[in-house]
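The values are calculated or read from the model by the stated rules, or taken from the named source; none is laboratory data. Fair warning: this is a prediction, and the values are worked out from it, not measured in the lab. A quick note on method: Cβ atoms are made from the backbone with ideal geometry, for glycine too, and the neighbour counts reach across all protein chains shown.
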Amino acid sequence: MSTHQSDSVESSSVSESYRAVAFADAKPELAAPGATPERLAYLKEHGFVIITDFVDNPMIPVLREAGRRVTEACAPEHGYSKIDCSKGYVHRAREDEPWAIRGIIHPAFEEPSFAEFHGSPDFLSFVHSWCHGLEPEDLVLSGMLLWCNPRRYENGPSWHRDTTWWGTGKPYFAQKDDRGDGPEAYSEEVEKLRWEEIRKKNIQSITERKGVSMFLALTDDECHELIPGSHDRWRTPFEHDVLLPQAMKDQGVPYTPSWDRVSSLPNQVAIRLKAGEALIRNGTTIHTGHTVPDRERNTLSIGWSKWSGPFTEEPSVADVRHAWQLDPAVREALPHNWMKTAWDRWAETQKLGDTLEDRYPGFDMVRIKAGEIVGWRSELEHQAAAAGEAWKPSQTAV
């Protein structure tokens, strides 16, 4: 599931524990490690593959306990008393319960095992196999986050594709979503243009493999649901109803009313992972996260990307979800020099924005305007804390 959804994903209380209608499990014929032809063929056809390469890895129990500690420490009642989560970026659902936690490699989180595993020989060996021999000196830092689940309320579904299938086709930028606005951005003509671009990128991603990202389960997980094969075909009228924003429906974009916003989708499956198994998938699949309080979710999103070479342009304002990663303390906490170089390559392309919205999720902005000096603790945070509710949206320090 992508974390570019709103932090206020629709939630409801659970009277009867949700269970998916169908499951996808690891297949014995795909058990051989690395980028085997069988795994790549399965990924190309179905849009996902489950790998078992880390099932017996001794770091899995270590990461599992670290994930539990981080999830507990980010509970809203703790504020910043257990972990200064303003040093990361926590996606929160109803009652400010965390459902995805970024920043786990920041030293403020006090869990060095995440960065250690990220740079470990075992993980690098998989990256090397999957990405045509990619070596540590070829890497640029990619994001890492921890998926968890709210304790009191069901969270999801929120069906979507990670790719922009409408409008300009530009990637999502959390502070300002300018991928297209208005009914014309969602016309079938524009949608088909975007779809041809998406399919070309799908082919490139499976053949070039310039990076790899996975959902690595630290405990058993069945929270990720998707429609197999939906990455490589035109959506159905039913799926169009599922994906089309309500605002666009209200503004007159033609669609066929089909879904009650509750029922299962045709052909959907839940990816059922055992601890140490991982999901690699194409983000173009129609997918969602769906958690319930009585089943733990403790899963890493982790990967590496190939460096594209020296950067010669002006750095751009970092997406708010990644702004924390610009902190030099993150670089210093990385356990290997080559990881510091990978950080340098990423950081030279980014700069920190000048507003609260450029730096924090809503939870932290509320705390700052209530008088707490947290996060970057710069003049911006001091002035916003002093101004309180008088601090305006997108205001900068003076």
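Quick grid of which residues meet (1) hydrophobic (A, V, I, L, M, F, W, C); (2) buried (at least 21 other Cβ atoms within 10 Å of the Cβ):
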site	(1), (2)
90	yes, yes
96	no, no
100	yes, yes
106	no, yes
129	no, no
138	no, no
141	yes, yes
158	no, no
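Being of a type in the set (A, V, I, L, M, F, W, C), farther than 28 Å from residue 284 by Cβ and surrounded by fewer than 22 Cβ atoms within 10 Å (Cβ to Cβ) is a property that holds for residue 62. Can you find a residue in region 339-359 that is closer than 30 Å to residue 270 by Cα and either surrounded by fewer than 20 Cβ atoms within 10 Å (Cβ to Cβ) or free of Cβ contacts under 8 Å to residues at least 12 places away in the same chain (or both)? Checking region 339-359: not a single residue is closer than 30 Å to residue 270 by Cα and either surrounded by fewer than 20 Cβ atoms within 10 Å (Cβ to Cβ) or free of Cβ contacts under 8 Å to residues at least 12 places away in the same chain (or both).
Of all residues in region 234-252, none satisfies being in contact with a Ser or Thr (Cβ under 9 Å, 6 or more places away or on another chain) and of a type in the set (Gly, Ala, Ser).
Please list, ordered by first then second residue, the pairs with beta carbon atoms under 8 Å, 6 or more apart or interchain, first in region 244-270 and over 22 Å from residue 154 (Cβ atoms) and of a type in the set (Val, Ile, Thr), second outside any loop (DSSP other than H, G, I, E, B) and at pLDDT 95 or above. Listed by first residue and then by second, the contacts come to 253/183; 253/186; 256/237; 256/238; 256/240; 256/241. Within region 326-371, the residues that satisfy the criterion of being under 17 Å from residue 106 (Cα atoms) and in contact with a His (Cβ under 8 Å, 6 or more places away or on another chain) are 327, 329, 330, 333, 339, 361.
Residue-wise test of (1) aromatic (Phe, Trp, Tyr); (2) assigned to a loop (DSSP other than H, G, I, E, B); (3) under 23 Å from residue 80 (Cα atoms); (4) touching a Cys at 6+ places or on another chain (Cβ under 7 Å).
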site	(1), (2), (3), (4)
116	no, no, no, no
123	yes, no, no, no
129	no, no, no, no
133	no, yes, no, no
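Restricted to region 359-371, and to residues there that are in a helix (DSSP H, G or I) and either among the hydrophobic types (A, V, I, L, M, F, W, C) or over 21 Å from the mean Cα position of the chain (by Cα) (or both), the residue that is nearest to residue 381 (Cα to Cα) is 368.
Applying a threshold of 8 Å to beta carbon distances and a minimum spacing of six or more residues, or different chains, the list of pairs starting in region 70-84 at a residue that is assigned to a loop (DSSP other than H, G, I, E, B) and surrounded by 14 or more Cβ atoms within 10 Å (Cβ to Cβ) and ending at one that is modelled with pLDDT of 95 or more and among the β-branched types (Val, Ile, Thr) reads 74/83; 74/90; 74/101; 80/374; 83/70; 84/374.
Kindly establish whether residue 384 is of a type in the set (Gly, Ala, Ser), in contact with a Phe, Trp or Tyr (Cβ under 6 Å, 6 or more places away or on another chain) and at pLDDT 95 or above.
For residue 384, the condition - of a type in the set (Gly, Ala, Ser), in contact with a Phe, Trp or Tyr (Cβ under 6 Å, 6 or more places away or on another chain) and at pLDDT 95 or above - is met.
Residues in region 214-239 that are in a strand (DSSP E or B) and of a type in the set (A, V, I, L, M, F, W, C) were compared, and the one that is nearest to residue 24 (Cα to Cα) is 226. Looking only at residues of region 111-157 that are at pLDDT below 95 and of a type in the set (Gly, Ala, Ser), we find that the one that is farthest from the chain's Cα centre (by Cα) is 156.
Which pairs turn up if I take residues in region 26-44 that are among the hydrophobic types (A, V, I, L, M, F, W, C) and look for partners that are assigned to a loop (DSSP other than H, G, I, E, B) with beta carbon separation below 6 Å, at least 6 apart in sequence or on another chain? Matching pairs, first to second residue: 26/52; 26/277; 31/52. Just one residue in the set 184, 196 is of a type outside the set (Phe, Trp, Tyr) and closer than 29 Å to residue 132 by Cβ; that residue is 196. For residue 168, the test of being under 21 Å from residue 49 (Cβ atoms) and without any contact (Cβ under 8 Å) to a residue 24 or more places away in the chain is failed. Within the set 334, 352, 356, the sole residue that is within 22 Å of the chain's Cα centre (by Cα) and closer than 24 Å to residue 123 by Cα turns out to be 334. Within region 35-59, the residues that satisfy the criterion of being farther than 15 Å from residue 206 by Cβ and surrounded by fewer than 18 Cβ atoms within 10 Å (Cβ to Cβ) are 55, 56, 57, 58.
Which of the strands (runs of 3 or more DSSP E) found entirely inside region 240-358 contain at least 2 residues meeting this: modelled with pLDDT of 95 or more and in contact with an Asp or Glu (Cβ under 8 Å, 6 or more places away or on another chain)?
In region 240-358, 269-273, 287-289, 299-306 are the strands (runs of 3 or more DSSP E) which contain 2 or more residues that are modelled with pLDDT of 95 or more and in contact with an Asp or Glu (Cβ under 8 Å, 6 or more places away or on another chain).
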